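Read the structure below first, then the notes.
The values are calculated or read from the model by the stated rules, or taken from the named source; none is laboratory data. Every value quoted in this text rests on a predicted model; they were computed, and no experiment measured them. Here the Cβ is made from the backbone with ideal geometry for all residues, glycine too, and neighbour counts use every protein chain on show.
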Amino acid sequence: MEPIIIIGTGLAGYNLAKEFRKLNNSTPLLFITGDDGYFYSKPMLSNALAKGKKPAELVISDADQMASQLNAEIMTFTRVEGIDPASHCVSTSQGESLSYSKLIMAVGAKPIEPPLVGDGVELIYTVNNLQDYTEFRKTISYSRHIAIIGSGLIGCEFANDLLSAEYQVSVIGPDKVPLGRLLPTEAAKYMKQQLAHAGVKWHLGETCTAVNKNKNHFVLELSGDKTITADTVLSAIGLKPDTSLAKAAGLKTGHGIIVDRYFQTNEPDIYAIGDCAEVEGQVLLFVMPLMQGARALAKTLAGEPTRISYPAMPVVVKSPACACVASPPPTGVEGDWQIEQNDKTVKALYIGKDGKLAGFALLGEAVTEKAALTKQLPSMMT
Ligand SMILES: Cc1cc2nc3c(=O)[nH]c(=O)nc-3n(C[C@H](O)[C@H](O)[C@H](O)COP(=O)(O)OP(=O)(O)OC[C@H]3O[C@@H](n4cnc5c(N)ncnc54)[C@H](O)[C@@H]3O)c2cc1C
């Protein structure tokens, strides 16, 4: 029997296999992964310092342990370089051609590269996996001041985490407030204030244009002729789904690999899940959607076709200096923000024209209302 091949051993690939094995223990499963196959919680990369964890301590299981837990074979440090849908084969960096019965692409997303010039650009860090993070931690052990390019979710989480370990942190972002895509302006201003109290030096409304080396430091040129000096530079300007392999195989792609509500691509036996997938125009780069997806796709692969529907999935920002959870209103839903705030909290509710709750942002003490408000939100995809 040809195996089900899963490309990628991130949270999407491994959680899919865990769910599948609850339903079927006999179909052969083969993972092919470009990395070491370690199972770890990626969200912990941006709060490991505060939790007192070294990179190696984030590993839950290695590839051998995962292979035996999942009754699967795992090929590590092997990249899939091509897919031939017609012959149901993948070609690998080891020169092999392997047949599949079904193929699952769980290849994740890639950091967006900032459009920068300068002789320091090559030395800017991005952190999207444990290997990146291990290198970043080695470097910052010799640093005091870290400059973060990007004031979104990941930039703010790293800023707060680095502060917890007493680094000096500067954050550069083009908008006047951080987390502009997730929070209404008033709530974002509150977050800005709280992180400033904790020690973040903001450079907002500014873009970084160049990064140059100067002895052991980096000089960052900002719009408006400002410069800042830092020992290490981290770019956190966002991720985009990795569609390269899918495109080369002739699969339909948009922002991500386009799949239907069963996670199936335009090829009947090829599926995509996790950060790389685009479901009905939505790319959701979070854990909760991939867990929901893993349960649905596992059933489909086990013979019970299951359409995905997503509940409301608020996003928790891991920023201990300012607890925060948000569920932005879906695009196109007309309504207004109603905001109550004092110096300990912000409670922002987005009320649609129909009078119903369509989104929220809770900061500080108001986060305790998360569960009750989430119940009132409409499903994200019915
Ligand atoms: C710092 C950080 C903090 C985060 N915090 C949160 C959080 O608090 N809450 C939350 O919900 N989400 C968070 N996220 C997002 C969440 O971690 C991701 O959505 C999730 O881990 C994506 O999993 P994935 O399996 O789809 O992709 P990945 O983890 O990127 O896995 C992709 C896999 O594919 C393999 N691969 C890629 N191409 C090939 C190829 N051609 N051949 C073989 N193998 C290949 C890679 O080696 C890897 O094993 C965070 C992300 C980051 C970076």
Which residues, taken from region 282-314, are assigned to a loop (DSSP other than H, G, I, E, B), within 16 Å of the ligand (Cβ to nearest atom) and either surrounded by fewer than 18 Cβ atoms within 10 Å (Cβ to Cβ) or not assigned by TED's automatic domain parsing to the domain that holds Lys18 (or both)? Phe286, Ile308, Pro311, Ala312, Met313, Pro314
So which residues in region 158-192 are within 16 Å of the ligand (Cβ to nearest atom), part of a helix (DSSP H, G or I) and more than 18 Å from Ala48 (Cα to Cα), if there are any at all? Met191
So which strands (runs of 3 or more DSSP E) stay within region 40-157 end to end and still have 3 or more residues that are among the aliphatic types (A, V, I, L, M)? 102-105, 145-149
When you look at Val346, is it modelled with pLDDT of 95 or more and either within 20 Å of the chain's Cα centre (by Cα) or not in a strand (DSSP E or B) (or both), yes or no? no
Does region 149-167 contain at least one residue that is polar (S, T, N, Q) and surrounded by fewer than 19 Cβ atoms within 10 Å (Cβ to Cβ)? yes
Of the residues in region 65-91, those that are of a type outside the set (Asp, Glu) and farther than 18 Å from Leu251 by Cβ number 13
Candidate set from region 4-57 (those that are closer than 30 Å to Gly150 by Cα and acidic (Asp, Glu)); member that is nearest to the ligand (Cβ to nearest atom): Asp35
